[in-house]
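Here the structure is laid out as structure tokens; the discussion comes afterwards.
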Amino acid sequence: MSRHAQATDVTVLGAGRMGSALVRAFRLAGRKVTVWNRDGAKAQALAPTGARPGDDLAAAVAASPVIVVCVSDYATSSDLVDAVAGVLGGRSVVQLTTGSPADAEAFSERVARAGAESLDGAVMAYPKQVGHTSCRILLSGDRALHDRLRPLLDALGRPTFMGDRAGAASAVDGALLFHAQATAFAYFQSTALLMAQGYDWQGLADLIGTSQVTADSLKSFEAAISARTHAGTEATLDVHFAAFQGIAAVADRSASRQPLMNAMEAHFERAVALGHGDDELSSVFETFRPPVAERADVALRLSVS
């Protein structure tokens, strides 16, 4: 996989929700893993999995021939690359941080200047799905590198090569993520229409869910709306909003922004202002919830036969 002969197979930089899920998936596949995080306690928390916490960034990078980066943004990723440029040469970097195609292109060039090769990628799943076949990993860049790293990356789910341009995976990720978020917003509006008229809206998810992934998401929204609680452990509204803002910025640059995107942005902003930044995406429904009381004695029940 590399000419380096280090203590571990892969080093993961970033131990947030997704980074931790990557570490666990690699370990379940029997891979030796070093993990580093700016907050060392998060890396230490993964020690029970068998991963080796790295206290020093440069030493953590030197420990493995392959470096997987999954941090908050590309600016942070770039700072990390600059900090370890002296030891990065000859290694392979897989960037799984969310960003724009332009971010991916710039990052690829930065890694190349440090003497390393890289793939840019996107995890099309929530942390709980990492390591399963339902987790698709979009990747782009050097096809030969993708083929060499495929046995390692198979531990994360289903790697899918999107093209030789470094920004290809990010571009597809943005398109798919916007579609998923727009679907969520459409469901919220549809539910509000039924709720405002006094009809029972529970069961709508079963009627409109066209795939298991979509149906499961809508059912989780349904449960959260019914319970009026949006706490969770998958991805916060702040994370979703930051990803949306990246997509919106790309739309602005390409003059393809439409009123739906403006409306979605307004709902994101209102939900965050209401204090839902740490809640799940379902919390956006609170900006759709009609002021009328929900009827408990509705005669109509939605069902699928």
The chain: Cα Rg divided by the 2.2 N^0.38 Å rule of thumb:
1.09
Return P(r) of region 84-155 (all Cα-Cα pairs; 10 Å bins starting at 0; whole %; ordered from short to long distances).
19, 48, 29, 4
Can you tell me the orientation of helix 212-227 relative to the chain, as the angle in degrees between its alpha-carbon axis and the longest Cα principal axis, to the nearest 10?
60
Candidate cut points under trypsin sites (Lys or Arg not before Pro) in region 1-105, DSSP loop plus at most 13 other Cβ atoms within 10 Å of their own Cβ, are 3
Around residue 248, what is the net charge, scoring Lys/Arg as +1 and Asp/Glu as -1 over all other residues with Cβ under 9 Å from its Cβ?
-1
Size of electric dipole in the chain: Cβ of Lys, Arg +1 and of Asp, Glu -1, about Cα centre, debye, nearest 20
800
Computed Kirkwood radius, in angstrom, where 1/r is averaged over Cα pairs of region 172-287
14.7
By per-residue mean of other Cβ atoms within 10 Å, what is the highest-first order of 92-98, 249-255?
92-98, 249-255
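Any read-out appearing in this document is the output of simple, stated calculations on the displayed coordinates, not a laboratory observation. Keep in mind that what you see is a predicted model, and the values were worked out from it rather than measured. Please note: Cβ atoms are built from the backbone with ideal geometry, for glycine as well, and neighbour counts cover all protein chains shown.
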